[in-house]
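> Here it is, the structure in full.
The values are calculated or read from the model by the stated rules, or taken from the named source; none is laboratory data. Model, not experiment: these values are computed from the prediction. Here the Cβ is made from the backbone with ideal geometry for all residues, glycine too, and neighbour counts use every protein chain on show.
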Amino acid sequence: MEQNKTGKYFKYAIGEIVLVVIGILIALQINNFNEQRKDRIKEQVILNQLKEDYQADLVQLEQKMAIRNKIINSGMQILSAFDRPMEVVRDSLIKNIADITNDPTFDPIQNDLISSGNLRLITNEKLKRLLSNWSSDVIALKEIEVTWSEFANFKADEVVTELGIARDVGNSYMNESKHLWLLNNNPNSHKLDIGESKLSSPLSEILTSKELESIASGAIGFNNSANLQSEALVNRINEILDLIDNEIKEK
């Protein structure tokens, strides 16, 4: 101090502090850069997995829609049989009844994107919003499917049993050669001939069943509604896949 060095020491101390602060800031910047780089790598892994999942969901959804279209067509054929009973072939009617007892349900692949907190890694805000809302989008379809499933599995079975055609319907279903749900595409893998019932109702009695006519109408209505909702989901999946593809290409 006597030598008037206070100012020099003060400037030196300030310089040291500035250097330390700059060093800390650089270290933080490097750390942030590394964390962001790691996040982007994780994001790409997640995006590629999501792409596979939604592509599989799309295939499954379109398969369920095809099954529902078959149910709708069979329901229309049954109603036509009620309107023009003289033109009906009994085996064809039984086959159509077997078809409408199907209850296809969409079972999307589940992921832990939201519960794990990994949704934050998705940088595209629109994609993030669509992924976040996906479960809600599926709920509307599931509600229709559950209602039809209960109708098909309880009411339809009851009517088929009362008409005494359960064996005939089961035999027709098990020997159908074009089941769309077969994973191995082998039409003979499920076939089992149990024969026709000797106790079933005659064609005239089947075509005077108010309950059967009601079930055919319900099959058309429920499955048409489910397919309309499914079309909305198909569009949503395609939108998600397009955004994912863009994010994968850009990064």
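> Output yes when any residue across segment 122-129 is crowded, with 17+ Cβ neighbours inside 10 Å, at pLDDT 90 or above and in contact with a Lys or Arg (Cβ under 6 Å, 6 or more places away or on another chain), and no when none is.
Yes, some residue in segment 122-129 is crowded, with 17+ Cβ neighbours inside 10 Å, at pLDDT 90 or above and in contact with a Lys or Arg (Cβ under 6 Å, 6 or more places away or on another chain).
> On to the next question. Please count how many residues of segment 158-178 are touching a Ser or Thr at 6+ places or on another chain (Cβ under 9 Å) and either at pLDDT below 80 or surrounded by 14 or more Cβ atoms within 10 Å (Cβ to Cβ) (or both).
Residues that pass the stated criteria total 11.
> Out of all the residues in segment 142-153, is one or more under 18 Å from N235 (Cα atoms), modelled with pLDDT of 90 or more, of a type outside the set (V, I, T) and surrounded by fewer than 13 Cβ atoms within 10 Å (Cβ to Cβ)?
The answer is no; no qualifying residue exists.
> In segment 179-196, is there at least one residue being in a helix (DSSP H, G or I), at negative phi and modelled with pLDDT under 95?
no
> While we're on this one: Which one is farthest from the chain's Cα centre (by Cα) among residues in segment 214-251 that are charged (D, E, K, R), assigned to a helix (DSSP H, G or I) and surrounded by fewer than 16 Cβ atoms within 10 Å (Cβ to Cβ)?
E250
> With respect to D103, is the statement that it is assigned to a helix (DSSP H, G or I) and surrounded by 11 or more Cβ atoms within 10 Å (Cβ to Cβ) true?
No.
> Which residue, of S80, S74, is surrounded by 14 or more Cβ atoms within 10 Å (Cβ to Cβ), under 37 Å from the mean Cα position of the chain (by Cα) and without any contact (Cβ under 8 Å) to a residue 12 or more places away in the chain?
Testing whether each residue is surrounded by 14 or more Cβ atoms within 10 Å (Cβ to Cβ), under 37 Å from the mean Cα position of the chain (by Cα) and without any contact (Cβ under 8 Å) to a residue 12 or more places away in the chain leaves just S80.
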